[in-house]
1. Test of the criteria: in segment 2-109, which trypsin sites (Lys or Arg not before Pro) are in a DSSP loop and have at most 15 other Cβ atoms within 10 angstrom of their Cβ?
2. Starting from the Cα-Cα distance between Ser87 and Ser196, subtract it from 0.36 nm times their residue separation and give me the gain in nm to one decimal.
3. Apply the Karplus parameterisation 6.51 cos²θ - 1.76 cosθ + 1.60, with θ equal to phi minus 60°, to every residue of segment 207-223 and state each ³J(HN,Hα) to the nearest whole Hz, in sequence, with x for glycine and proline.
4. Please list, short to long, the whole-number percent of alpha-carbon pairs of segment 1-60 in consecutive 10 angstrom bins beginning at zero.
5. Roughly how many whole Å is it from the C-alpha centroid of segment 98-116 to that of segment 122-201?
6. Can you give me the pair-distance distribution of the chain, C-alpha pairs, 10 Å bins, whole percents?
7. With r defined as the distance between the Cβ atoms of Arg77 and His125 and R0 fixed at 22 Å, what FRET efficiency is calculated, to the nearest 0.05?
8. Note the full-extension length gain between Ser146 and Ser45 as 0.36 nm times their separation in residues minus their Cα-Cα distance, in nm to one decimal.
Amino acid sequence: MTAAEIAKPLVRARNVHKSFDQLEVLKGIDLDVMPGEVVVVLGPSGSGKSTFLRCINHLEAINRGFIEVDGEQIGYRLRKDRLEKLSSNGIASQRRKIGMVFQQFNLYPHMTVLQNIVEAPIGVHGESRKAATENAMRLLERVGLSEKADSYPRQLSGGQQQRVAIARALAIKPKLMLFDEPTSALDPELVGEVLSTMRDLAKQGLTMIVVTHEIGFAREAADRVVFMDGGNVVEMGKPEDVIGNPQHPRTQAFLARFL
Ligand code: ADP
Ligand code: MG
């Protein structure tokens, strides 16, 4: 990698606007994420956090501005100096660079853990079963669940299911991982194991955008914290600044709930 490539953001979001009918949900979001960076997004319910993640993954189309991932504008491709809107095939190919983990794990109940993980690599990406299985077993080891390969989701705890969902998202070898409140649906005693898996991924250099209310995780694992409110980025910076010494009254009010 050249110095120039290292310095290039993996994600560039500029002036991102998104409305649902009359409701303006994102009001001009600017955010760069560097390769290997872990960005935690905090903010009250309804502030637009999920919508922003969904726009990065093109699950929602934006109304103004642009989002680039890995040098490509989401939803568009440069052709002979002209930006052309992508077909669903093109969008699918962009999505392959992005893994997403949701609050609800959404594992296929009728498939084993291993089948859940190899499904997209084989079915969508055309990997051989052997290569996909080897990779899946490596990923299960990484999330501490090697011995559960042949179990069904219902035989696992919520925390284990979410770790499988993380392994499944990693199986397409994404350059970027998006997490939308990955521990919010878990019983409190199961939150720790999922956060610890995410902390390991962060240490291994994965680029991650994480929406969470886990302030402790943000403090330890984030390179940068973004506080969103009302469709705007209100404050952004190092965790020790944004969490430790918030400047904006709205950030202060939000964080006061966690004291
Ligand atoms: P957060 O994740 O921060 O809680 P969301 O991005 O889910 O916030 O939602 C932001 C606002 O957008 C909310 O007012 C929500 O009701 C609205 N919203 C989200 N998705 C849709 C949709 N598909 N149609 C209409 N309104 C939506
Ligand atoms: Mg949300």
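1. In loop regions of segment 2-109 (DSSP not H, G, I, E or B), the sparsely surrounded trypsin sites (Lys or Arg not before Pro) are Lys80, Arg96.
2. Numbers: separation 109, 0.36 × 109 = 39.24 nm, distance 3.81 nm.
Full extension of this stretch gives 35.4 nm more.
3. 7, 9, 10, 10, 8, 7, 9, 7, 5, x, 4, 4, 5, 7, 9, 7, 7
4. 19, 48, 23, 8, 1
5. When both Cα centres are located, 8 Å separates them.
6. For the chain, the pair-distance distribution reads 7, 29, 35, 23, 6, 0.
7. Efficiency at R0 = 22 Å is approximately 0.70.
8. 32.8 nm
No lab work stands behind these numbers, since they all come straight from the coordinates. Just so we're clear, the structure is a prediction, and the values are computed from it rather than from any experiment. So basically every Cβ, Gly included, is an ideal-geometry build from the backbone, and we count neighbours across all protein chains shown.
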